[in-house]
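K.L.:
Below you'll find the structure I mean.
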Amino acid sequence: MATIEPTPTVRANFAATQSPNRQNAVGRIGPWQLVRMLNESDLARVYLARPADAAGDQPPTYVLKVLRREWWRDPQAIEMQRRAAWLGRKVSHPHLLPVLSANVGQAPFYFVTPHLPGSSLATILEQAKSEQKQRLPLPVTLWIVRQVAEALAALHESAHMIHADVKPSNIIVSSDGHATLIDLGFAHTPTESQHWSSRPVVGTLSYIAPEVVTSSLAAEVSSDLYSLGVTLYEMITGSLPFVASAPDLLIRLHRESKPECVRHAVPQLPKPVASLVHRLLAKDPLRRPPSAMAIVEELMRLEIECFSQRAG
């Protein structure tokens, strides 16, 4: 049974007066102490957690994602939580976030993952903009994207599932550059369809493939590759390929407009890298690279070439 959660004000005051390693629990769900809330969305709250029988000074090294109470009777929201928990256990890969424990048979619906050190790629990109820093070195950019492509290859080939929400906020990068793809809540098979308007996720439309928002709503493995291409474009140029003030305008741009050539923004970018970016962003899925693993292999070659050029 879920414990009543404290108000945001209480949480804020508590976090300000306690060190992370000595916080008392602010709540409890099942066998887990909820130490503090990390973030929340329309669908779920995410907490830093530790086992309920842990000592009060034991560092919280787990993350618990619980479906908000108002969704406990919504079949689609529950299924998303179950799907994420199932996939996180089924597919084991160094660049995919594993699920360690779950309660998705009855309320409260939650699952538990390791707490990853590092920051989201979205935060890293935003900090670079605000501090007017140069973008990540190109070899590092290619390395991060290659790791995400490896995670996608595991999902596509081992589970025959599409991630369906690849974007910088769903990529965690550690201080040593290790990248982990998270949030499997929207994952589905290519035969399923999920309308973009049913997604309470801010920012998804900026990365969504054009075929996903057509009348047929047909998402494919290559739809993930398009989203990865948008992410790569943003990492290289510092901006999205398409920006609009309204969802319908943004959708139209993804479906009909050609993005500015990435080398216009970064003239020194090697042509093979620019070629990969624009192939990933092809409107026609058949014109994109054939698979995530093909992208991995191409990125490995490009990383070596970029390092060689820098060394020269």
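The values are calculated or read from the model by the stated rules, or taken from the named source; none is laboratory data. These numbers come from a predicted model, not from an experiment. Note: ideal-geometry Cβ built from the backbone for every residue, glycine included; neighbour counts use all protein chains shown.
K.L.:
For the stretch 44-102, what are the residues that are surrounded by fewer than 17 Cβ atoms within 10 Å (Cβ to Cβ), touching a residue at least 24 places away in the same chain (Cβ under 8 Å), of a type in the set (Lys, Arg) and more than 20 Å from Met161 (Cα to Cα)?
P.N.:
Once the filter is applied, which keeps residues that are surrounded by fewer than 17 Cβ atoms within 10 Å (Cβ to Cβ), touching a residue at least 24 places away in the same chain (Cβ under 8 Å), of a type in the set (Lys, Arg) and more than 20 Å from Met161 (Cα to Cα), the stretch 44-102 yields Arg68, Arg69.
K.L.:
For the stretch 127-142, name all the residues that are surrounded by fewer than 19 Cβ atoms within 10 Å (Cβ to Cβ) and either under 19 Å from Met300 (Cβ atoms) or not small (Gly, Ala, Ser) (or both).
P.N.:
Gln127, Lys129, Glu131, Gln132, Lys133, Gln134, Arg135, Pro137, Pro139, Val140
K.L.:
So, one more: In the stretch 165-182, how many are small (Gly, Ala, Ser) and in contact with a Leu (Cβ under 9 Å, 6 or more places away or on another chain)? Explain how you work it out, then say what you get.
P.N.:
Just the residues of the stretch 165-182 that are small (Gly, Ala, Ser), to begin with: 169, 174-175, 177, 179.
Imposing the further condition that a residue be in contact with a Leu (Cβ under 9 Å, 6 or more places away or on another chain) reduces the set to 169, 174, 179.
Qualifying residue count for the region: 3.
K.L.:
It is to be established whether one or more residues within the stretch 235-245 are more than 21 Å from the chain's Cα centre (by Cα), surrounded by fewer than 20 Cβ atoms within 10 Å (Cβ to Cβ) and free of Cβ contacts under 8 Å to residues at least 60 places away in the same chain.
P.N.:
Initially, the stretch 235-245 is screened for residues more than 21 Å from the chain's Cα centre (by Cα), giving 244-245.
Subset that is surrounded by fewer than 20 Cβ atoms within 10 Å (Cβ to Cβ): 244-245.
Then drop every residue that is not free of Cβ contacts under 8 Å to residues at least 60 places away in the same chain, which leaves 244-245.
For the stretch 235-245, residues more than 21 Å from the chain's Cα centre (by Cα), surrounded by fewer than 20 Cβ atoms within 10 Å (Cβ to Cβ) and free of Cβ contacts under 8 Å to residues at least 60 places away in the same chain: present.
K.L.:
Would you tally the residues in the stretch 79-125 being of a type in the set (Ser, Thr, Tyr), farther than 15 Å from Arg45 by Cα and out of contact with any helix residue (DSSP H, G or I) (no Cβ under 7 Å at 6 or more places or on another chain)?
P.N.:
Adding up the residues that qualify gives 4.
K.L.:
Right, next: Among (1) surrounded by fewer than 21 Cβ atoms within 10 Å (Cβ to Cβ); (2) touching a residue at least 12 places away in the same chain (Cβ under 8 Å), there is one condition Gly105 misses while meeting the rest; what is its number?
P.N.:
(2)
K.L.:
Residue by residue through the stretch 42-61, note down the ones that are of a type outside the set (A, V, I, L, M) and assigned to a strand (DSSP E or B).
P.N.:
Keep residues of the stretch 42-61 that are of a type outside the set (A, V, I, L, M), which gives 42, 45, 47, 50-51, 53, 56-61.
Of everything in the stretch 42-61, those that are of a type outside the set (A, V, I, L, M) and assigned to a strand (DSSP E or B) turn out to be Arg45, Tyr47, Arg50, Pro51.
K.L.:
Just need a number here: residues in the stretch 128-182 that are part of a helix (DSSP H, G or I), in contact (Cβ under 8 Å) with a residue 60 or more places away in the chain and over 21 Å from Ala294 (Cβ atoms).
P.N.:
3
K.L.:
Scan the stretch 203-234 for residues that are part of a loop (DSSP other than H, G, I, E, B) and touching a residue at least 24 places away in the same chain (Cβ under 8 Å) and jot them down.
P.N.:
Scanning the stretch 203-234 gives Gly203, Tyr207, Ile208, Ala209, Thr214, Leu217, Ala218, Ala219, Glu220.
K.L.:
Residues Leu269, Leu299: which one is closer than 19 Å to Glu234 by Cα and either part of a loop (DSSP other than H, G, I, E, B) or in contact with a His (Cβ under 8 Å, 6 or more places away or on another chain) (or both)?
P.N.:
Going through Leu269, Leu299 in turn, just one is closer than 19 Å to Glu234 by Cα and either part of a loop (DSSP other than H, G, I, E, B) or in contact with a His (Cβ under 8 Å, 6 or more places away or on another chain) (or both): Leu269.
K.L.:
Sort through Asn39, Asn24, Asn13 and tell me the only one that's assigned to a loop (DSSP other than H, G, I, E, B) and either under 21 Å from Ser120 (Cβ atoms) or modelled with pLDDT under 95 (or both).
P.N.:
Criteria check complete, one pass: Asn24.
K.L.:
Go through the stretch 246-282 and report how many residues are closer than 26 Å to Glu298 by Cα, surrounded by fewer than 17 Cβ atoms within 10 Å (Cβ to Cβ) and in contact with a Leu (Cβ under 8 Å, 6 or more places away or on another chain).
P.N.:
Qualifying residue count, the stretch 246-282: 2.
K.L.:
Does the stretch 249-265 include one or more residues that are under 18 Å from Ala164 (Cβ atoms) and of a type in the set (D, E, K, R)?
P.N.:
Looking for residues that are under 18 Å from Ala164 (Cβ atoms) and of a type in the set (D, E, K, R), one finds at least one in the stretch 249-265, hence yes.
K.L.:
Residue check: is Leu225 surrounded by 15 or more Cβ atoms within 10 Å (Cβ to Cβ), touching a Ser or Thr at 6+ places or on another chain (Cβ under 7 Å), within 24 Å of Ala187 (Cα to Cα) and at pLDDT 95 or above?
P.N.:
no
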